[in-house]
Amino acid sequence: MRNAGQTSRETNLGSVSPRFLIDGMLGSLARWLRICGYNVEYNVDKEDEELIEIALKGKHILLTRDKVLFQRAQKNEINVCYVTGKTITDRLRQVSSELELNLTPSTTRCPKCNGPLKNTDKNNIKNQIPPKTFETFQEFWLCTVCDSVYWKGGHWDNIQNTLNQANAKNPKV
Ligand SMILES: [Zn+2]
């Protein structure tokens, strides 16, 4: 589940979508933003200094829970967001409202490694999925970097629900 490479990814999605760099404490936020199709670099074992350097070079938006890193990033004029929410919904809501992102599930990026996904014929990945899944679903996506296989199973509704809550600017709770 580690990231597959430290080189910055190409932006071939046909838009100038932001690139994110996420500190080691926010792994699930990284996965969620990738589920929404965003290009997210996530490094568990990078020092603050390296993160600053990567963000400066790659013009990433840095998301962090680390106050010291946040302040250093500000001094370096990096676009940075200090993430305060406790739950993933809170964090997604904060990020979507501060950065004006529309969070919708997408099948363009691998949540595990950030690699681009491509549609694949299910016969190609038959031996990687349970027989029942093979029978039930028609559309599958394969990560071009780590070979993980994805489909829109029951979890897809949960993903949509969480994102709907995160997109709601005035949650009724
Ligand atoms: Zn992958």
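Couple of notes before you dig in:
- Residues whose amide H comes within less than 5 Å of that of residue 109, counting only those at least five positions distant or on another chain, are 37, 117 (H built at 1.01 Å from N in the peptide plane).
- Taking each residue as 0.36 nm, the span from residue 104 to residue 28 lengthens on full extension beyond its C-alpha to C-alpha distance by 25.7 nm.
- Computed P(r) (all Cα pairs; segment 19-98; 5 Å bins; percent): 3, 17, 31, 28, 16, 5, 0
- When 60, 155 are arranged by Cβ crowding within 10 Å, least crowded first, meaning fewest neighbours, the order is 155, 60.
- Within a Gaussian network of the chain (alpha carbon springs, distance under 10 Å), most fluctuating of 111, 131, 18: 131
- Close amide H partners of residue 140, meaning residues 5 or more places away or on another chain with modelled amide H under 5 Å apart, are 120.
- When both segment 34-112 and segment 118-173 are represented by their alpha-carbon centers, they are found 23 Å apart.
- Amide hydrogen neighbours beyond the local backbone of residue 19, cut-off 5 Å, H modeled: 61
- Shown in residue order for segment 81-89 are the 3J(HN,Hα) couplings computed by the Karplus curve 6.51 cos²θ - 1.76 cosθ + 1.60 at θ = phi - 60°: 10, 8, 8, 10, x, 8, 9, 5, 5 Hz (x for Gly and Pro).
- By the beta-carbon count within 10 Å of each Cβ, the least crowded to most crowded order of 162, 64, fewest first, is 162, 64.
- Relative contact order (%) - the chain, alpha-carbon pairs under 8 angstrom, separation at least six: 21
- Computed FRET value (nearest 0.05) for residue 77 with residue 123, which takes r as the C-beta separation and R₀ as 45 Å: 0.30
- When both bridge partners sit in the chain, DSSP labels roughly 40% of those beta bridges antiparallel.
- Against the empirical 2.2 N^0.38 Å (N residues), the chain has a Cα radius of gyration ratio of 1.08.
- Ordered by the count of other Cβ atoms within 10 Å of each Cβ, fewest first, 69, 99 give 99, 69.
Just so you know, all these numbers are worked out from the coordinates, no wet-lab data involved. Being a predicted model, the structure only gives us computed values, none of them experimental. Methodologically, a virtual Cβ is constructed for each residue, glycine included, from the backbone with ideal geometry; neighbour enumeration extends over all protein chains shown.
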